[in-house]
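The structure that follows is given in the form of structure tokens.
The values are calculated or read from the model by the stated rules, or taken from the named source; none is laboratory data. Keep in mind the model is a prediction, meaning the values are calculated, not measured. Neighbour counts are summed over all protein chains in view; Cβ atoms, including those assigned to glycine, are modelled from backbone coordinates with ideal geometry.
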Amino acid sequence: MADHSNSSSLGRPAAREPLSRWWADARTSFYWLILIALVLRLGFIVVGHTYRFKTIDDNFSFGFEMGRIGRSLAEGRGFSSPFSGFTGPTAWEPPLYPLLIAGVFKIFGVYTRSSAFVLLSINSLLSALTCIPIFLIARRCFNEKVAVWAAWMWTLLPNIIFWCTRWVWETSLATLLLTWIFWLALIAEERAEWKVWIQFGFLWGVAALINTSLLSFLPASGFWIWYRRAKLRKPSLRGVLLASVVFAACVAPWLIRNQRAFGHFIFIRSNFGVELRLGNGPGANGRWMEHLHPTQNVVQFRLYRELGELAYVAQRKREALAYIGEDWHRFARLSVIRMLYYWSGLPGPSGAVFEGTLRNSLSLTSAALAFWGLGRALRQRRSGAWLFLWLVLCYPLVYYITFPHPRYRHPIEPELGILILYLISEAKPRS
């Protein structure tokens, strides 16, 4: 953090009111950032009663597929049954977050309010900890003023607080991991070769077991580290091999489990074919066709149960690819629509037109400001500007070909927020 011993040299008066003195110290304090962020999030959980999940449909809204898998683990049936009933082994979701849910269920009870509160509190802590890499990234790439604004924006904004206090899902953990990986890529050129590559391989290994969509940024971040070190004539080939070994060691146990459970190689999770079909098929309009999901469609669930997970996913993938192959121009138009929805938000229900329009306007405006800030950073050749660009280009790609959801933008919101505040900090008052 910033050194406060010379704060008087920055032109602030020596005699301050107590609140001003507190802010002078707290504004760059990780302790206060994390504490206030966590208290706000826990307060939101308690006041909003967000731990009281609906009990209809056998508590499915409590963790959705991950909650179901967590229940199966806690009840001794292994990593299985992502929907209703016992349907056998699954690789529908990556393993780490369902394992966390299972551990909480074992201690605090399956689908209890105590378990809900604990899991949402863990999410809130992970969200609060994200303030640290946000501050470090913004200070390195821009300046301390942007770092302070970005960290406190993450601490205070309700739309940031929403996901960690309402969804039992991996969103907050994935965001923290991706932000730390971004920070590591920025400082990799300064670290010993073996250290940076071990950290890089390990963080990406954990990320893969949390949310495989994050891996779309892996090649760009790895190339960035190699390029920056090459400019300083620092070797990286052995480091790349070392990172690959560490990454493989992290994911290998799960790949072996999948091979044994299904008799086929499955890289982390199995359900991409279904995700592709839920965005591409008759009636596709750029959104998730929820009515075709096994949790919403009795016929699809029966097929899943009768065929088995891998055969069911393969059939849905064939349907999606056939639809895409019939008309590539239609698929391209849908992908453009999905891209717009990703950045502007999905259209709201017909009964909430004003609310949906306001939400979408804010989402689109924030994206536009972030792109503007990115463009300015690139023109000014700011440190890390190209890494921001690769993140914005690479991470959303999978959602352009499947379907978008507001939650899918959350893992890159820290970087978007930094770019927005950098742009604002560069604004010059008219004379």
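Return the total of residues in region 62-121 being more than 26 Å from F267 (Cβ to Cβ) and touching a strand residue (DSSP E or B) at 6+ places or on another chain (Cβ under 6 Å).
Looking only at that region, the number is 0.
Okay, moving on. Go through region 264-298 and give me each residue that's surrounded by fewer than 16 Cβ atoms within 10 Å (Cβ to Cβ), closer than 21 Å to P95 by Cβ and at pLDDT 95 or above.
Once the filter is applied, which keeps residues that are surrounded by fewer than 16 Cβ atoms within 10 Å (Cβ to Cβ), closer than 21 Å to P95 by Cβ and at pLDDT 95 or above, region 264-298 yields F265, F267.
Do we find that V245 is part of a helix (DSSP H, G or I), closer than 30 Å to P82 by Cα, of a type in the set (A, V, I, L, M) and modelled with pLDDT of 95 or more in this structure?
In short, no.
Among the residues that make up region 158-181, is at least one of them surrounded by 21 or more Cβ atoms within 10 Å (Cβ to Cβ) and over 17 Å from the mean Cα position of the chain (by Cα)?
The answer is no; no qualifying residue exists.
Could you list, in sequence order, all residues of region 56-102 that are in a loop (DSSP other than H, G, I, E, B), crowded, with 16+ Cβ neighbours inside 10 Å and in contact (Cβ under 8 Å) with a residue 60 or more places away in the chain?
Scanning region 56-102 gives F60, F62, G63, F79, F83, T87, T90, A91, W92, E93, P94, P95.
Name the residue, out of R376, R382, that is farther than 30 Å from A284 by Cβ and in a loop (DSSP other than H, G, I, E, B).
Among R376, R382, only R382 is farther than 30 Å from A284 by Cβ and in a loop (DSSP other than H, G, I, E, B).
Quick test of your reading of the structure: R233 fulfils all but one of (1) at positive phi; (2) assigned to a helix (DSSP H, G or I). Name the failing condition by number.
Status for R233: all satisfied but (2).
What's the number of the only condition in (1) hydroxyl-bearing (S, T, Y); (2) within 19 Å of G201 (Cα to Cα); (3) under 24 Å from the mean Cα position of the chain (by Cα) that S236 fails to meet?
Exception for S236: condition (3).
Of the numbered conditions (1) surrounded by 15 or more Cβ atoms within 10 Å (Cβ to Cβ); (2) farther than 21 Å from S172 by Cα; (3) among the basic types (K, R), R409 satisfies every one except a single condition; which is it?
Tallying (1) surrounded by 15 or more Cβ atoms within 10 Å (Cβ to Cβ); (2) farther than 21 Å from S172 by Cα; (3) among the basic types (K, R), R409 fails exactly one: (2).
Residue-wise test of (1) over 21 Å from L184 (Cβ atoms); (2) assigned to a helix (DSSP H, G or I).
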position: F200; (1), (2): no, yes
position: F223; (1), (2): no, yes
position: G239; (1), (2): no, yes
position: I256; (1), (2): yes, yes
position: F265; (1), (2): yes, no
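Could you please find all residues in region 268-288 being assigned to a loop (DSSP other than H, G, I, E, B) and either among the acidic types (D, E) or in contact (Cβ under 8 Å) with a residue 40 or more places away in the chain (or both)? Don't jump to the end; show me each part of the working.
Just the residues of region 268-288 that are assigned to a loop (DSSP other than H, G, I, E, B), to begin with: 268-271, 280-288.
Correct list: I268, R269, S270, N271, N280, G281, P282, A284, N285, G286, R287, W288.
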